[in-house]
1. Pairs only if they're at least six apart or on different chains, beta carbon under 8 angstrom, first in the range 189-201 and in the same structural domain as SER255 (by TED's automatic domain parsing), second exposed (fewer than 12 other Cβ atoms within 10 Å of the Cβ) and not in a strand (DSSP E or B); list them, first residue then second.
2. I'd like to verify a number: residues in the range 279-297 that are assigned to a helix (DSSP H, G or I) and among the β-branched types (Val, Ile, Thr), how many?
3. What number of residues within the range 176-198 satisfy the criterion of being outside any helix (DSSP H, G or I) and either in contact with a Lys or Arg (Cβ under 6 Å, 6 or more places away or on another chain) or of a type in the set (A, V, I, L, M, F, W, C) (or both)?
4. Is at least one residue of the range 93-103 modelled with pLDDT of 90 or more and either closer than 20 Å to LEU280 by Cβ or not assigned by TED's automatic domain parsing to the domain that holds LEU303 (or both)?
5. Across the range 244-259, what is the number of residues that are surrounded by 21 or more Cβ atoms within 10 Å (Cβ to Cβ) and either under 16 Å from ALA112 (Cβ atoms) or under 34 Å from the mean Cα position of the chain (by Cα) (or both)?
6. Inspect the range 265-272 for any residue being surrounded by fewer than 18 Cβ atoms within 10 Å (Cβ to Cβ) and modelled with pLDDT under 85 and give the result as yes or no.
7. Would you confirm, using the coordinates I've provided, whether GLY116 is touching a strand residue (DSSP E or B) at 6+ places or on another chain (Cβ under 8 Å), crowded, with 16+ Cβ neighbours inside 10 Å and under 30 Å from PRO254 (Cβ atoms)?
8. Would you mind stating whether SER103 is hydroxyl-bearing (Ser, Thr, Tyr) and crowded, with 18+ Cβ neighbours inside 10 Å?
Amino acid sequence: MAQAHHAGTFGIELRHIRYFVAVAEELHFGRAAKGLHIVQPALSAQIKALESLLGVDLLERTKRRVELTEPGREFLRECYSILGRLGTAIDTVTGFARGMTGSLTLGYGANAALSGFVSSSIREFRSRWPNVEITLKEMPSRGVSKALRQNDIDIGFAAAIGSPEEGIASKTVGKWPWMLAVADNHKLATVGSVSVAQIGEENFAVYAEADGRANIAGALALFPGLSPLHIYKTSHVTSLMGYVSSGLGVAFAPSPMKTLNFPGVVFLDVSENIPHMEMLLLWRSHQVSPAVQNYLDCMERILVSGSMIDMTLTGQD
């Protein structure tokens, strides 16, 4: 009997579970059949087939009543658990397919955070999809594409650096003018606007990757005519401003950097027409999950509404 029971369970279908639960709750085949919209003989046959597959009597039947056996009561508890797990699975998969559940990992750098893109987009996203788990990873702009290719993140903000890589889609979400950060006791601190010629032979601090490669936020090639006496490289924005505030050097920085309100630092406009720093939103073009698509839609609404534009974005094209 044990062998037949083990083999027989493979023939049990969801309809057997539903039919048994209906009879167990009604303890009446006629009412259960009516609720299931099937005829009573068919329901009786299905319950007998279930008992045969299990090798167990689930119900005691007489002409006047139907009762659950002890195994029947235990099986009913298991059936409720099965149906509950099935309902959870259905809710989970349909929610995931609509981007209502699941996870989203966002990579970003300092400029994206300072511009307000990260905070504002996450607030908007969570107001619509609160059940999506969000993880934030701070990283240099050069690391965003690599992190996407390695599936370490799902979407990311990065300063535009060269041409987009294969398999990576991008959208420009902001452009900002470059400013010059100087110490508040620097000789040019009060002039408001400077030309590159006025600071051509200063010491410079530049933002660089951890391996020392300067990225677009510190690429002096953008500013022809510079002949720095010395270049300090740092991979941290706070260190960059530390060089400036201490008077060790001056630094070019995109306008959102002003939001730091770093003590001892003054930001000056640059009079030359220099290409703005461009911020991109990047994602894998061949693998757009529902959560990523919802985030992209969220960013599109933010950009169209202009709700991201504040004092730090006045130079946006």
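1. Qualifying pairs under 8 Å: VAL196/PRO224; VAL196/GLY225; ALA197/GLY225; GLY200/GLY225; GLY200/SER227; GLU201/SER227; GLU201/LEU229.
2. At the first step, the residues of the range 279-297 found to be assigned to a helix (DSSP H, G or I) are 290-297.
Adding the requirement that they be among the β-branched types (Val, Ile, Thr) leaves 292.
Qualifying residue count for the region: 1.
3. Here is the first cut: in the range 176-198, the ones outside any helix (DSSP H, G or I) are 176-195.
Filter again for either in contact with a Lys or Arg (Cβ under 6 Å, 6 or more places away or on another chain) or of a type in the set (A, V, I, L, M, F, W, C) (or both), leaving 176, 178-183, 188-189, 191, 194.
Residues in the range 176-198 being outside any helix (DSSP H, G or I) and either in contact with a Lys or Arg (Cβ under 6 Å, 6 or more places away or on another chain) or of a type in the set (A, V, I, L, M, F, W, C) (or both): 11 in total.
4. Of the residues in the range 93-103, the ones modelled with pLDDT of 90 or more are none.
No, because not a single residue in the range 93-103 is modelled with pLDDT of 90 or more and either closer than 20 Å to LEU280 by Cβ or not assigned by TED's automatic domain parsing to the domain that holds LEU303 (or both).
5. Let us first name the residues in the range 244-259 that are surrounded by 21 or more Cβ atoms within 10 Å (Cβ to Cβ), namely 244, 249-257.
Subset that is either under 16 Å from ALA112 (Cβ atoms) or under 34 Å from the mean Cα position of the chain (by Cα) (or both): 251-257.
The number of residues fulfilling the criteria is 7.
6. yes
7. On the way: touching a strand residue (DSSP E or B) at 6+ places or on another chain (Cβ under 8 Å): no; crowded, with 16+ Cβ neighbours inside 10 Å: yes; under 30 Å from PRO254 (Cβ atoms): yes.
No: the conditions fail for GLY116.
8. Details: hydroxyl-bearing (Ser, Thr, Tyr): yes; crowded, with 18+ Cβ neighbours inside 10 Å: no.
Criteria not met by SER103.
The values are calculated or read from the model by the stated rules, or taken from the named source; none is laboratory data. In this text the structure is predicted, and so the values were computed from the model without any measurement. Note that we place each Cβ from the backbone using ideal geometry, even for glycine, and neighbour counts take in every protein chain shown.
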